[in-house]
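Okay, so here's the structure we're looking at.
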Amino acid sequence: MSVVIAHTSNNFGELRTMPAHLALLNAVALDAQSAVSLFFVLSGFLITYLLLQERRRTGTVLVSKFYVRRALRIWPLYYLVAATGFLLLRVLGPAYALYFPSPSQVILVVLLLPNFAGPLGPLGHLWSIGLEEQFYLAWPWVVKRGSGFFLRVVLGILIVKIGLAPVIPAFHSDAMAQLFTSLRFECMAIGALGAYAYYRNHRLLAVVYSPLAQALVLACLLFLALVDIPLTTAGTVLVSIVSIVLILNVSTNERSWLKLEHPLLNTLGRMSYGIYMYHFPLLYTVLFLLRQWPWPESHWSYRLVLYGMTVVGTLALAAVSYRWFEAPFLGWKERFAVIRSRR
C-alpha cells in the first residue's frame, strides 16, 4: 500500500504538472523504494527459510518443484498484467506514445527481464518481479549446496555490491548507475541471512529480540515514513537491516511489541501480489481519464478522486483477481509444495 500511495503521489510530468500529495497518507506510508526493499527482504527471508526447512526434512532441495511453484505463483498474473499493459498503451494512444514498446522491450518483458527494458510506462513496476525471478533462478541451487556455500554466496553478494558502490560513479553513466542500484540482490541476501539465523537459532537473535533493537527499528520505521531517503546502495542496505529486524520480531518473537496478526491484514497479505501488479496500469488509466476534464490538479477534490479511484480500484481488482484468477493456480501450486508456510 505504501507503493500504491507513493506512486499515486508522483508527478508524472508528461501527464500532470505537479505531484498529488495527501499529507496524512504520505506521513504514514514508506517511500516506494524503501517499501520495495522491505518486500525484497521479506521475500528472501520466507523463501530461504522454506528451502532450508525442505533441505533439513528431505536431505535436499527439489529444484524442479521449486521452479514449478514459482511459475504457478508469479507467471500467470505477471503475463496477464504485461499483456494488459501493452494493450493499454495502444488503446490510450498518443497520450502514452513515449512508452510505446519496441520489439526488443516486448521480448525482454516476455523473458522476465523487464528491469533491462528501459521505460515501460504503466508496466514500469514489473522490474522488481523480473529481478526476483532472476535471483530465484539460482537461489535453490545455492541453498541445496549446504550452509557453508550458502553463507559464502550471501556474504559475496553483500561484499561485491557494497564494494562496487563507490566505483560505479567513476564511469559517469546514469544508465549504469541506475542499473547497478536497481539490482537489489543485497536485499534478498539480507533476508536470507535472517532466515538462516532463525533456522539455526543463532545467538544473534537475542540481540534482535531485545527491547533496544525493537525500539530502534520502530524509530527507524517512523523516520522512513516521514523522510524519503535517496536511493543508494548504502541506503538500501540500511533499510534492509531495519526490515529484517522488523520481520524477525513480527514473525518469530513471541514478545514482539508490534503485533500484525489480524484477519484484515491477512486478507491484504494474500492479495498483496495483485495489489502491486494492478495498481500501476490502473493509475495510468485514471490519470488519462482525469485529463479529459478541465479539473485543476491543485484542488483537493482532484486528489481525492485520484486516490479514491486508484486505491479502491486497485483493492477491488486484487480481490477479484485473487478469488477468480490466482486461486486456481495457487491450488495447483500446493500440489508441488514440500514445506508449507503458515500463510
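Model label points for ARG90 and LEU226, set 7 angstrom from Cα along the Cα-to-Cβ axis, are 5.0 nm apart.
Largest mean-square fluctuation among PRO166, PRO294, PRO119, in a Gaussian network model of the chain whose springs join Cα atoms under 10 Å apart, belongs to PRO294.
Where in the chain are the DSSP H helices whose alpha-carbon span along the long axis reaches 30 Å or more and whose Kyte-Doolittle mean is at least 0.5? Taking the DSSP H segments of the chain (at least 30 Å long, mean hydropathy at least 0.5), we get 32-58, 63-92, 263-290. The calculated pair-distance distribution of the range 224-343 uses every alpha carbon pair, bins of 5 angstrom beginning at 0, and gives 2, 8, 11, 13, 15, 17, 16, 10, 4, 2, 1, 0 percent. Taken over the range 1-117, the percentage of Cα pairs per 5 Å bin, counting from 0 up to the bin with the maximum distance, is 2, 9, 11, 14, 18, 16, 13, 8, 5, 3, 1, 0. Taking the square roots of 5 times each eigenvalue of the Cα gyration tensor of the range 198-237, largest first, gives ellipsoid semi-axes of 25, 15, 6 Å. The separation of the range 293-309 from the range 315-334, counted between C-alpha centres, amounts to 31 Å. If R0 is 22 Å, the Cβ-Cβ spacing of GLU254 and LEU216 corresponds to a FRET efficiency of close to 0.65. Projecting label points 7 angstrom from Cα along Cα→Cβ for HIS299 and ALA138 puts them 5.4 nm apart. Just checking the listed ones, LEU282, LEU15, LEU51: in the Gaussian network model of the chain with Cα springs under 10 Å, the one fluctuating most is LEU15. Histogrammed with a bin width of 10 Å, the alpha carbon distances of the range 93-242 distribute as 9, 29, 34, 21, 6, 1 percent, first bin at zero. Could you state the number of Å between the C-alpha centres of the range 71-148 and the range 181-231? After rounding, the separation between the Cα centres reads 27 Å.
Here each label is just a point 7 Å from Cα along the line to Cβ, and for ALA170 and ALA83 those points are 4.8 nm apart.
Extent of the range 2-334 along its three principal axes (Cα atoms, max minus min coordinate, largest first): 62, 49, 43 Å. Considering only the Cα atoms of the range 80-119, their convex hull presents on average a projected area of 2.7 nm². For the pair ARG57 and TRP332, a Förster radius of 25 Å applied to the C-beta separation gives a FRET efficiency near 0.70, rounded to the nearest 0.05.
Under a Gaussian network description of the chain, with springs only between Cα atoms under 10 Å, the residue in GLY59, GLY194, GLY118 that fluctuates furthest is GLY59.
Only the coordinates and a few stated rules stand behind these numbers; no lab work does. Nothing here was measured: the structure is a model prediction, and the numbers come from that model. Reconstructed Cβ throughout: ideal geometry from the backbone, glycine too, with neighbour counts over all protein chains shown.
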